[in-house]
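Notes for the one structure printed next.
The values are calculated or read from the model by the stated rules, or taken from the named source; none is laboratory data. Remember, predicted model here, so these are calculated numbers, not experimental data. Cβ placement follows ideal geometry from the backbone for every residue including glycine, while neighbour counts extend to all protein chains displayed.
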There are 4 protein chains.
Amino acid sequence: MSLSVAVAGASGYAGGELLRLLAQHPELEVRTVTAHSNAGQPLVSVHPNLRSLASLTFQETTAEVLAGHDVVFLALPHGHSGGIAAQLPESTLVVDAGADHRLESAEEWQRYYGTEHAGTWPYGMPELMLADGGRQRRELRAARRIAVPGCNATAVTLALAPGVAAGLVDTTAITSVLAVGSSGAGRAAKTHLLAAELTGSATPYGVGGTHRHLPEIAQNLRAAGGSDIRHSFTPVLVPMSRGILATVTAPLIGEATAEQVRSAWLTAYGDEAFIHITPAGEYPRTADVLGSNSVHLGVGLDEAAGRVVVIAAIDNLGKGTAGAAIQSANIALGLDEQLGLSIDGLAP
Amino acid sequence: MSLSVAVAGASGYAGGELLRLLAQHPELEVRTVTAHSNAGQPLVSVHPNLRSLASLTFQETTAEVLAGHDVVFLALPHGHSGGIAAQLPESTLVVDAGADHRLESAEEWQRYYGTEHAGTWPYGMPELMLADGGRQRRELRAARRIAVPGCNATAVTLALAPGVAAGLVDTTAITSVLAVGSSGAGRAAKTHLLAAELTGSATPYGVGGTHRHLPEIAQNLRAAGGSDIRHSFTPVLVPMSRGILATVTAPLIGEATAEQVRSAWLTAYGDEAFIHITPAGEYPRTADVLGSNSVHLGVGLDEAAGRVVVIAAIDNLGKGTAGAAIQSANIALGLDEQLGLSIDGLAP
Amino acid sequence: MSLSVAVAGASGYAGGELLRLLAQHPELEVRTVTAHSNAGQPLVSVHPNLRSLASLTFQETTAEVLAGHDVVFLALPHGHSGGIAAQLPESTLVVDAGADHRLESAEEWQRYYGTEHAGTWPYGMPELMLADGGRQRRELRAARRIAVPGCNATAVTLALAPGVAAGLVDTTAITSVLAVGSSGAGRAAKTHLLAAELTGSATPYGVGGTHRHLPEIAQNLRAAGGSDIRHSFTPVLVPMSRGILATVTAPLIGEATAEQVRSAWLTAYGDEAFIHITPAGEYPRTADVLGSNSVHLGVGLDEAAGRVVVIAAIDNLGKGTAGAAIQSANIALGLDEQLGLSIDGLAP
Amino acid sequence: MSLSVAVAGASGYAGGELLRLLAQHPELEVRTVTAHSNAGQPLVSVHPNLRSLASLTFQETTAEVLAGHDVVFLALPHGHSGGIAAQLPESTLVVDAGADHRLESAEEWQRYYGTEHAGTWPYGMPELMLADGGRQRRELRAARRIAVPGCNATAVTLALAPGVAAGLVDTTAITSVLAVGSSGAGRAAKTHLLAAELTGSATPYGVGGTHRHLPEIAQNLRAAGGSDIRHSFTPVLVPMSRGILATVTAPLIGEATAEQVRSAWLTAYGDEAFIHITPAGEYPRTADVLGSNSVHLGVGLDEAAGRVVVIAAIDNLGKGTAGAAIQSANIALGLDEQLGLSIDGLAP
């Protein structure tokens, strides 16, 4: 078959990982890449790791350039997707790796991003539990517009949704602390993101209650059946280039053994190829999911504290962004959901 | 003056940092170092960074070797301090960097460590608030036995104690997640601590409710005025050799503004040379305290979540171990508390 | 088709990477994995990253267990391959990732390894230039025994062979300094390989003229047409888990421009899918080849010093070990040489 | 006594390390700090690690602001020192951490930096051997202008000078490869210096024969008695924030045993407090000199290759910049040369 693909905003880290995965996808073929300041340059001048795409050159990011492809992936800065997408044919599958179309509430978008809301698209998290027992996957079949989840939201949501759906965890006292690789902060040249600053240090960012990931996570947990969501969320940059390790805790509702708690997650994700629950008493690490589309979840019950503890490991650029984009595109296109994606991570 | 010092168990990371600090202490002079498997070897064969102590050779760790010094620092594996200390004269200042003499409850010691309790010594955390408004410092003056706090306990306790003392935080729902440098796991050769395993990865360890640091932290928070302590605690190894970044949260009790919350910490630590509260809206990173005895605390209120968020940065080997040992020894010896210690960290 | 595969010594880093690559190979199917101390354990208890092989369990490393497969990969400690291989049928393709069968000279083997020589097998470096203008690839077609090159030897050899073959470089004054990721030192638990020791530091190992990689490199450069090989070789462990960056220099013979020098490499490797020469004035970095089978080479002429400078980047576990093993196996089996291997690296 | 100090260009990494060291110097007191874009901001807003200097605020970098101090340290971008220095009184000790006054040849300055030469100042490398058997130290006594060596030049020069002075090494075929921490590339926000780019990778920079460090090193080796200097020099950024590990090799002249070679270095540096020669067969690592003013040198003879191999470890910001500046200032001021400097490094 071989469907034609364009990637807009392909000079950043998300765009680069999309291209790396697309290059090995058997049914999708990258024909066009666009960028802003790098337009006119060879792709490999920005992504020297992508030798298999050495024939490509960045073009300007315009609707004209993007038109005429079967699939368009958008990896643009927040606020730039809506305008471009509106100019693309409805028959084109448009997958937005940015935030523009994730939130259902125009008011929340306005509050957290300060611009006009571009509208809501089907949310590209296939494994997300829905309150009626279904999965988000069903919303993606034959969709022609997909909003890719944020990487931090992916880690926290997949960690907690089964417990919310099962009524096991109190959503009014969630705490999440995420160890995040520096690619999660993007490719813009900023002093505080220099290697000399971040190497050998753990550095919090975006501390407090106004983090942009919060409304997205709350929306997801409500979809899973939660109602009142109160969530303390702290990301910490640590000296690795990729990866998120999210430690998510919430009070246990009622009485349950550790085994009963774990079984809720095992049941919820038993059929999911990309989600793995570690054995009882073991917890995941990010090295094991690098470059993959996998989510490793360690689920435990801290009886003394009365809290469920879930630790989630993902690759922020993989399942956290580009992998989820391709997985959702596969579903929308009627392809095998796993096509072009890896379950195995690059460790050590 | 110049007091004579022996360091027992000097071949590990805690011992090495003790020696590094003692080498530049104007009133303390290292005369003797002991080790187990390295006995008979030059100190610099194990610690090639300590050239100023190149004349020293490891001796066996026996009471005979340690006797006759003004101060003895013990950096032995847990469970080994009690026997040695009992054989040293009461007039010798003995500072134990291990866990043996930290806990007040023999029962808790037995439960968490599985051996007989060696007794309780004055606890070497000078800045710890006491419920009567005093500081732990007063217990250390003229003490001849001091138990040095654990590094993780130091970060969490100093982060939270002012809030507990001020009645601002609910101690029944504390959560702590710590990004920890790999020296915190010690120098024993274990596969899962190899550089190839930990580099490029975030790796949780000791997840769940039975962590040995829990009773120590609870004891401290009770000393600060807390009663029922319930605490979810998760340490995560990240790719740095030193440093702890603890993200500690607890529900706010009653109503308070962010400014009111911060002022509790500012008041509590206003006179403390080694504790620094970052400006409102800013948070600390570990690079800034490396090699120092400083604690950097960022204090915030997450209004939406209703939680106080405190982020603490320390050097696990500095203020977390060796720095605290020397600071407490200074107090016990009637010296300037800051002698031989640095406020400034080694960044970048 | 699907040929059956066994991997012996699969618990180490080389074995793990072999399995990761084999799991995605369309024509090879891993049926059996063996290990020494981990025999009886599930594969994923040692390699939690390899979820797609979760059904496998380590067996003992015996000829009986390995027999009956179409292909056997050996990733055993040096000195252990010869005995096992001798017991396997001649019709089985045996690919040895260890050193046992690399050297042609029994005397050199004896001198560098101290044990009896197990014999010489066809050398698995397809791109190696031979003095008659051919490539080593021809020796691998239909071979049933293959010796996989060492990772350091791969980097240095591929960096220099075109210059040797073209008579451009003086082989009597070669110098190589390699920045090496810690997985290159293996998985044995040793204190000096702990993360706390290697993080934040550059650490030389194996300095001096008796390094085991030297005879292998010299043999390769003689194959490329060199005669007297004198080579100063220094590997340095740096804080990354994977990757080798080799800086290789040798005096220029006669007169040549930088462009003439570069054209020798461009010509030599123009048809090689896995070897990329960076544009003039640019040099490679290891991030761009992580997880791939690619070699990136930067070739320059330092006119003032009169030396050719070649910088080679490879993944020590990829093209340096497991990738080369599979590439050579593909050739021996008559498959597409690139099958199951990636040209694109995992950056950032 | 307490002499007053100003530091110009104090917002960069070199300036920060100067301040960290000056803060603990018993005879020098920082009164004034200047910066360009950060003028008007508190020092600790840029250097949050320097709490002991929290009372200082950056001022503009003008001769007026700098005048009236006993000592002025300049840590300005290359090309900016000459103009400022010319306006400071001759009686003020001015120590320039930039390149402006290092080179003796105005022509070489012009060729490598492209601007007018600001003149040559006494060179701040006290331990440098001079061809007549003396040390550079004598040029610094009572000097009122000092040019601080470059960090890479320090590592290579101190590694090789004893062999040059002793006539043991052939200076026409020197090769140096340096593993360099990312602070060595400065604090300017550039994409290729982001943590996401450099973490997990080894990245060469400034490859080839036109590196600005070359004329400085050649000048030093001529001072040590060399004549024709030909030097292949390659720095490689590796994932650490500080440190240089220089692997320097040169052909042995004539016949000598490894012991004879080592004894040349042992003799040359026997009286130097900050230079340590590792035991035979051992080599230094950067962790052991972090934060210190020490140089660790491993000296060997590769008999098969006929080359002397010297590996030098320094902290690029310590002995490589700020430490050397203070050491030289101590000499010029008639103070104890070691004042305010540490021999012991911060490992692990």
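I'd like to know if segment D:258-265 contains one or more residues that are closer than 29 Å to A:LEU193 by Cβ and hydroxyl-bearing (Ser, Thr, Tyr). No, there is no match, as no residue in segment D:258-265 is closer than 29 Å to A:LEU193 by Cβ and hydroxyl-bearing (Ser, Thr, Tyr).
Residues in segment C:189-224 that are touching a Pro at 6+ places or on another chain (Cβ under 9 Å), assigned to a loop (DSSP other than H, G, I, E, B) and of a type in the set (A, V, I, L, M, F, W, C): C:ALA202, C:VAL207, C:ALA224. In this structure, is C:ARG262 buried (at least 21 other Cβ atoms within 10 Å of the Cβ) and facing another protein chain (nearest Cβ under 7 Å)? Considered against the rule, which asks whether it is buried (at least 21 other Cβ atoms within 10 Å of the Cβ) and facing another protein chain (nearest Cβ under 7 Å), C:ARG262 comes out as no. Scanning segment D:52-66 for residues that are in a loop (DSSP other than H, G, I, E, B) and either at pLDDT below 95 or within 14 Å of chain B (Cβ to nearest Cβ) (or both) yields D:ALA54, D:SER55, D:LEU56. Out of D:GLU282, D:GLU272, one residue alone is surrounded by fewer than 24 Cβ atoms within 10 Å (Cβ to Cβ), touching an Asp or Glu at 6+ places or on another chain (Cβ under 7 Å), more than 8 Å from chain C (Cβ to nearest Cβ) and part of a loop (DSSP other than H, G, I, E, B). It is D:GLU272. Among the residues making up segment C:39-51, those that are more than 18 Å from A:VAL295 (Cα to Cα) and either away from every other protein chain (no Cβ under 11 Å) or surrounded by fewer than 16 Cβ atoms within 10 Å (Cβ to Cβ) (or both) are C:ALA39, C:GLY40, C:GLN41, C:LEU43.
Part of a loop (DSSP other than H, G, I, E, B), out of contact with any His (no Cβ under 8 Å at 6 or more places or on another chain), of a type in the set (S, T, N, Q) and surrounded by fewer than 22 Cβ atoms within 10 Å (Cβ to Cβ) - does that describe any residue in segment B:330-339? Don't jump to the end; show me each part of the working.
At the first step, the residues of segment B:330-339 found to be part of a loop (DSSP other than H, G, I, E, B) are B:333-339.
Filter again for out of contact with any His (no Cβ under 8 Å at 6 or more places or on another chain), leaving B:333-338.
Filter once more, keeping what is of a type in the set (S, T, N, Q): B:338.
Still in the list and also surrounded by fewer than 22 Cβ atoms within 10 Å (Cβ to Cβ): B:338.
Looking for residues that are part of a loop (DSSP other than H, G, I, E, B), out of contact with any His (no Cβ under 8 Å at 6 or more places or on another chain), of a type in the set (S, T, N, Q) and surrounded by fewer than 22 Cβ atoms within 10 Å (Cβ to Cβ), one finds at least one in segment B:330-339, hence yes.
For segment A:135-149, the count of residues that are farther than 19 Å from A:GLU216 by Cα, of a type in the set (A, V, I, L, M), under 20 Å from the mean Cα position of the chain (by Cα) and part of a loop (DSSP other than H, G, I, E, B) is at least one.
Residues being more than 7 Å from every other protein chain (Cβ to nearest Cβ) and at positive phi: count how many of those fall in segment D:181-200. Step through it out loud before you land on a result.
Our first condition is that a residue be more than 7 Å from every other protein chain (Cβ to nearest Cβ); within segment D:181-200, this holds for D:181, D:184-186, D:188, D:192.
Remaining after also requiring at positive phi: D:186.
The qualifying residues number 1.
Residues in segment B:54-86 that are surrounded by 14 or more Cβ atoms within 10 Å (Cβ to Cβ), over 26 Å from B:ILE217 (Cβ atoms), without any contact (Cβ under 8 Å) to a residue 40 or more places away in the chain and not hydrophobic (A, V, I, L, M, F, W, C): 2 in all. The residue pairs whose first member lies in segment B:310-337 and is within 20 Å of B:LEU76 (Cβ to Cβ), whose second member is modelled with pLDDT under 95 and part of a loop (DSSP other than H, G, I, E, B), and whose beta carbons are closer than 7 Å, counting only pairs six or more residues apart or on different chains, are B:ALA332/B:ALA142.
Okay, residues lined up against (1) surrounded by fewer than 24 Cβ atoms within 10 Å (Cβ to Cβ); (2) touching a residue at least 60 places away in the same chain (Cβ under 8 Å):
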residue: B:GLY167; (1), (2): yes, yes
residue: B:ALA173; (1), (2): yes, yes
residue: B:ALA188; (1), (2): yes, no
residue: B:GLY200; (1), (2): no, no
residue: B:THR210; (1), (2): yes, yes
residue: B:ALA218; (1), (2): yes, no
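A single entry from B:LEU333, B:LEU317, B:LEU290 fulfils the requirement of being within 11 Å of chain A (Cβ to nearest Cβ) and under 21 Å from the mean Cα position of the chain (by Cα): B:LEU290. Looking across segment A:12-35, the residues that are in contact (Cβ under 8 Å) with a residue 60 or more places away in the chain and outside any helix (DSSP H, G or I) come down to A:GLY12, A:GLN24, A:HIS25, A:PRO26, A:GLU27, A:LEU28.
Taking segment C:301-314 as the range and being more than 23 Å from D:GLY200 (Cα to Cα), within 7 Å of another protein chain (Cβ to nearest Cβ) and buried (at least 24 other Cβ atoms within 10 Å of the Cβ) as the test, the residues that pass are C:ASP302, C:ARG307, C:VAL309. When only residues in segment D:19-38 that are closer than 26 Å to D:SER182 by Cα and away from chain B (no Cβ under 12 Å) count, which is surrounded by the most Cβ atoms within 10 Å (Cβ to Cβ)? Per the criteria, the residue is D:VAL33.
Kindly indicate the residue of segment C:86-131 that is closer than 24 Å to C:ALA10 by Cα and in a helix (DSSP H, G or I) and also farthest from the chain's Cα centre (by Cα) among those meeting that condition. Among residues in segment C:86-131 that are closer than 24 Å to C:ALA10 by Cα and in a helix (DSSP H, G or I), the one farthest from the chain's Cα centre (by Cα) is C:ALA86.
Considering only segment C:1-29, state which residues are of a type in the set (A, V, I, L, M) and closer than 19 Å to C:THR92 by Cβ.
Filtering segment C:1-29 down to residues of a type in the set (A, V, I, L, M) leaves C:1, C:3, C:5-8, C:10, C:14, C:18-19, C:21-23, C:28.
Within segment C:1-29, C:MET1, C:LEU3, C:VAL5, C:ALA6, C:VAL7, C:ALA8, C:ALA10, C:LEU18, C:LEU19, C:LEU22, C:LEU28 qualify.
Which count do you get for residues in segment A:87-97 that are touching a residue at least 40 places away in the same chain (Cβ under 8 Å) and of a type outside the set (Asp, Glu)?
Residues in segment A:87-97 being touching a residue at least 40 places away in the same chain (Cβ under 8 Å) and of a type outside the set (Asp, Glu): 6 in total.
Are any of the residues in segment C:208-225 under 25 Å from D:VAL289 (Cβ atoms) and at the interface with chain D (Cβ under 9 Å from one of its Cβ atoms)? Yes, the conditions are met somewhere in segment C:208-225.
Modelled with pLDDT of 95 or more and among the aromatic types (Phe, Trp, Tyr): does that describe A:TYR205?
no
Condition test on D:SER292, is it in contact with a Gly (Cβ under 7 Å, 6 or more places away or on another chain), at pLDDT 95 or above, outside any strand (DSSP E or B) and under 25 Å from B:MET240 (Cα atoms)? Yes: the conditions hold for D:SER292. Somewhere in segment C:234-241, is a residue small (Gly, Ala, Ser), at pLDDT 95 or above, crowded, with 24+ Cβ neighbours inside 10 Å and part of a helix (DSSP H, G or I)? Scanning segment C:234-241 turns up no residue that is small (Gly, Ala, Ser), at pLDDT 95 or above, crowded, with 24+ Cβ neighbours inside 10 Å and part of a helix (DSSP H, G or I).
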